[in-house]
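Participant: First, the structure itself, so that you have it in front of you.
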Ligand code: FES
């Protein structure tokens, strides 16, 4: 068991009712819920791994993949959906070569679809590293990528999408 995990678990008794705070602490420490660590949590709490996944899947706060250094969240709430959020997500997926809720292999970029971000009147909305962008287009997202630290790498990623350029 990893040292960081041992430190986290040392403040718990190992009972099932502690699952959510344990998972919160793990995600806070590791950035997501690694599969191997969930197996250790299963042994510690005596809760089956399937139950732990069930609990963690129920809450949108938990992630099973790490986040990239640049994390893009696209709102798929009703207002944003109507205004073309799906097209924006598809464009980002093509641009980065990842799937929905995926992360690039170099951990530089990650994408997540989320529920309402609270700015429906300005739909479609997204966030780039917690910075809210409203009335967003795929072209805006590409501009955000170009201004990020790893500009050279981004320019090398082939894009099949030319509809918004
Ligand atoms: S539905 Fe997208 S901000 Fe509310």
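The values are calculated or read from the model by the stated rules, or taken from the named source; none is laboratory data. Keep in mind the model is a prediction, meaning the values are calculated, not measured. Ideal geometry is used to build each Cβ from the backbone, glycine not excepted, and the neighbour counts take in all protein chains shown.
Participant: If we scan the range 56-69, do we find a residue that is within 14 Å of the chain's Cα centre (by Cα), outside any helix (DSSP H, G or I) and touching a residue at least 60 places away in the same chain (Cβ under 8 Å)?
Facilitator: There is at least one residue in the range 56-69 that is within 14 Å of the chain's Cα centre (by Cα), outside any helix (DSSP H, G or I) and touching a residue at least 60 places away in the same chain (Cβ under 8 Å).
Participant: Look through the range 28-45, keep the residues that are closer than 18 Å to residue 10 by Cβ and modelled with pLDDT under 95, and return whichever of them is farthest from the chain's Cα centre (by Cα).
Facilitator: 29
Participant: Quick one: in the range 110-125, of everything that is surrounded by 15 or more Cβ atoms within 10 Å (Cβ to Cβ) and within 9 Å of the ligand (Cβ to nearest atom), which residue is farthest from the chain's Cα centre (by Cα)?
Facilitator: Only one residue tops the list, namely 122.
Participant: In the range 25-43, which residues are surrounded by 16 or more Cβ atoms within 10 Å (Cβ to Cβ) and part of a helix (DSSP H, G or I)?
Facilitator: Once the filter is applied, which keeps residues that are surrounded by 16 or more Cβ atoms within 10 Å (Cβ to Cβ) and part of a helix (DSSP H, G or I), the range 25-43 yields 25, 26, 27, 30, 37, 38, 40, 41, 42.
Participant: Same structure again: Would you mind finding the one in 98, 52 that is surrounded by 15 or more Cβ atoms within 10 Å (Cβ to Cβ) and within 26 Å of residue 22 (Cα to Cα)?
Facilitator: Answer to the selection: 52.
Residues are listed down the side, and each one gets a yes or a no for (1) modelled with pLDDT of 90 or more; (2) outside any helix (DSSP H, G or I); (3) within 16 Å of the ligand (Cβ to nearest atom):
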{"site": "88", "(1), (2), (3)": "yes, no, yes"}
{"site": "93", "(1), (2), (3)": "yes, no, no"}
{"site": "101", "(1), (2), (3)": "no, yes, no"}
{"site": "135", "(1), (2), (3)": "yes, yes, yes"}
{"site": "141", "(1), (2), (3)": "no, no, yes"}
{"site": "157", "(1), (2), (3)": "no, yes, no"}
{"site": "163", "(1), (2), (3)": "no, yes, no"}
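Participant: Among the residues of the range 71-129, write down those that are in contact (Cβ under 8 Å) with a residue 60 or more places away in the chain and at positive phi.
Facilitator: Matches in the range 71-129: 97 only.
Participant: Going through the range 70-86 one residue at a time, which ones are surrounded by fewer than 19 Cβ atoms within 10 Å (Cβ to Cβ) and part of a helix (DSSP H, G or I)?
Facilitator: Answer for the range 70-86, where residues must be surrounded by fewer than 19 Cβ atoms within 10 Å (Cβ to Cβ) and part of a helix (DSSP H, G or I): 78, 79, 81, 82, 86.
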